[in-house]
Each structure stands twice: as C-alpha cells, then as structure tokens.
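All of the numbers you see were taken from the coordinates with simple rules; none came from a lab. This one's a predicted model, so the numbers in the text were calculated from it and none came from an experiment. Reconstructed Cβ throughout: ideal geometry from the backbone, glycine too, with neighbour counts over all protein chains shown.
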Amino acid sequence: MFIHSARTFDDIIFRRELDFLAATAPNFRVTHLLDDSGEQLNAELLRDMAPDFLEREVFTCGPAGYMEAVRSMLSTTGFDMARYHEESFTFDAPAVPEHDTGQSFKVELTRSGRTIDCDPGTPVLAAASRAGITLPASCAQGMCGTCKTTLLAGSVDMQHNGGIRPREIADNKILLCCSTPLDDLVIDA
Ligand code: FES
C-alpha cells in the first residue's frame with residue numbers, strides 16, 4: 001500500500017510509474033491524497049485504506065512537518081512505533097558562489113510580499129532562508145519537488161536531480177532549492 005499526499009494532481013511525482021505498478025504488481029496499491037481536494041491523511045482514512053495497518057511496517061518520506069504529523073497520528077492509534085521508519089535526506093550547506101563578484105540579484109516573492117537579495121551562485125531557497133523566510137522544502141537537493149513553484153519573471157540556472165518534469169519546466173516551474181538567479185526574478189512564493 002502506497003499513500004501519497006500532494007498539493008495538487010499535477011504535483012504527483014511519478015504518477016504514471018505508480019499507476020503502472022498498481023496495474024501490474026499483484027500486491028501493490030496506490031492512493032493519492034490531494035490538498036486542493038481537502039484530502040488529508042488521518043487515522044480514520046488510514047483504517048479505511050489499510051484495515052490491517054497495525055500489523056504492518058510503515059515507511060514515511062516527506063517534509064519534516066509531514067513526517068511529524070504522520071508519526072503523531074500513528075502514535076494515537078496503538079501502532080507499534082518500533083515498526084515505523086522515516087527517510088531523512090542529507091542536507092547540503094547552502095551553496096556559496098565560487099567567485100563572489102559582489103553582484104546580487106533582486107528576487108521578489110509575491111506571496112510572501114518580500115523582495116530579497118540573492119547572489120548568482122546561491123539557490124533562491126537558501127537566500128530566502130537567510131532572509132528569515134521559510135518556504136516549503138524537504139530534500140534541498142532537487143529530488144522531492146516540495147519547493148516547486150512558478151517563475152513569473154527572470155531566468156535561473158536549475159541543477160535538479162529529477163524532482164521536476166520537462167513539461168513543468170516548459171511551464172515555467174522551478175525548484176527553488178537548486179535554482180540560482182541569472183537576473184532579477186519574480187517568483188510565486
Ligand atoms: S526541496 Fe526537494 S526538490 Fe527542492
């Protein structure tokens with residue numbers, strides 16, 4: 001049983017691959033829960049989807065807040081937490097420009113209502129964090145897609161590790177954790 005929570009249908013990572021597995025692997029089932037449909041994982045829903053979950057191993061992967069919520073929810077169900085596992089990513093230190101030219105770009109974060117400075121070699125996520133702005137993120141390595149947002153103006157150098165699809169890139173989506181500015185930016189974040 002694979003339960004995947006995402007913000008929207010378009011944010012489901014590896015959807016086709018998961019559907020293929022569900023259609024071909026005898027004991028593999030997948031359920032997607034979408035935030036924009038008001039679908040949140042809770043104990044009641046878990047019981048419906050996997051009535052025998054108390055007998056199973058549980059593996060959780062996602063942003064720290066998500067994993068904390070799952071852990072907390074499970075602990076109220078009588079689940080044996082010795083059979084609960086989490087995947088943690090290794091966080092790299094924020095990238096530092098090899099040659100600091102003293103140049104920096106303006107990055108406007110429209111939803112936060114802030115404009116910050118970002119050096120050419122610094123990922124936008126790291127620059128935002130240094131400015132005291134916490135944006136959704138998890139792996140910080142361009143893999144999970146949690147920091148995906150829309151680039152409204154400007155251009156970036158994005159060195160991702162599979163956390164974004166080509167059609168999303170064509171649709172001006174970027175991953176903030178692995179995108180450094182090439183000029184001033186406006187971002188939907
Ligand atoms: S935080 Fe995982 S891709 Fe950016």
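Worth pointing out:
- Residue-span extension gain [Thr115 to Ala131] - 0.36 nm each, minus C-alpha spacing: 4.8 nm
- Rounded to 0.05, the FRET efficiency of the Asp157 and Glu57 pair, given R0 = 35 Å and the Cβ-Cβ distance, is 0.30.
- For Arg47, net neighbour charge (Lys/Arg +1, Asp/Glu -1) across residues whose Cβ lies under 14 Å away: -3
- Charged-residue dipole, Cβ positions (Lys, Arg, Asp, Glu), the chain about Cα centre, Debye nearest 20: 180
- Loop-resident trypsin sites (Lys or Arg not before Pro) (DSSP state other than H, G, I, E or B) in the stretch 12-69 with no more than 14 further Cβ atoms inside 10 Å of their Cβ: Arg29, Arg56.
- Residue by residue, the stretch 174-180 carries 3J(HN,Hα) couplings of 9, 9, 5, 6, 10, 10, 10 Hz when phi is fed to the Karplus relation 6.51 cos²θ - 1.76 cosθ + 1.60 (θ = phi - 60°); x denotes Gly or Pro.
- In degrees, nearest ten, helix 64-75 long axis to first principal axis of the chain (Cα): 20
- Under 5 Å from the amide H of Glu86 lie the amide H atoms of Thr60, each residue being 5 or more positions distant or on a separate chain, with H modelled from the backbone and absent for Pro and chain starts.
- Computed [θ] at 222 nm, helices only, for the chain once each DSSP H run of length n ≥ 4 contributes -39500 (n - 2.57): -6000 deg cm²/dmol
- Scalar couplings 3J(HN,Hα) for the stretch 17-29, obtained by applying the Karplus form with A = 6.51, B = -1.76, C = 1.60 to θ = phi - 60°, are 5, 5, 5, 5, 4, 5, 7, 10, 8, x, 10, 9, 10 Hz; x denotes Gly and Pro.
- Highest-MSF residue in the chain out of Asp52, Asp80, Asp117 [GNM, Cα springs under 10 Å]: Asp52
- Principal axis box of the stretch 105-187, alpha-carbon based, largest edge first, Å: 28, 23, 23
- Here's how it looks for Ser5: its modeled amide H is under 5 Å from those of Leu33, which are all 5 or more places away or on a different chain.
- Calculated P(r) tail over 19 Å for the stretch 2-87, as whole % of Cα pairs: 42
- Of the beta bridges in the chain, as assigned by DSSP with both residues counted there, near 50 percent are antiparallel.
- The magnitude of the dipole of the stretch 105-187, with charges of +1 and -1 set on the Cβ of Lys/Arg and Asp/Glu and taken from the Cα centre, is near 300 debye.
- Coupling constants for the stretch 143-152 follow from the phi torsions by the Karplus curve (6.51 cos²θ - 1.76 cosθ + 1.60, θ = phi - 60°), and in residue order they are 10, 8, x, 4, 8, 5, 8, 9, 8, 8 Hz; glycine and proline get x.
- Residues whose placed amide H lies under 5 Å from that of Arg114, excluding near-sequence neighbours: Leu109
- GNM result for the chain, Cα springs below 10 Å: residue of Ala43, Ala137, Ala82 fluctuating most strongly: Ala82
- Separation of the Ile169 and Asp188 label points, Cα + 7 Å toward Cβ, nm: 1.9
- Cα-Cα P(r), the chain, percent of pairs per 10 Å interval: 8, 32, 31, 18, 9, 1
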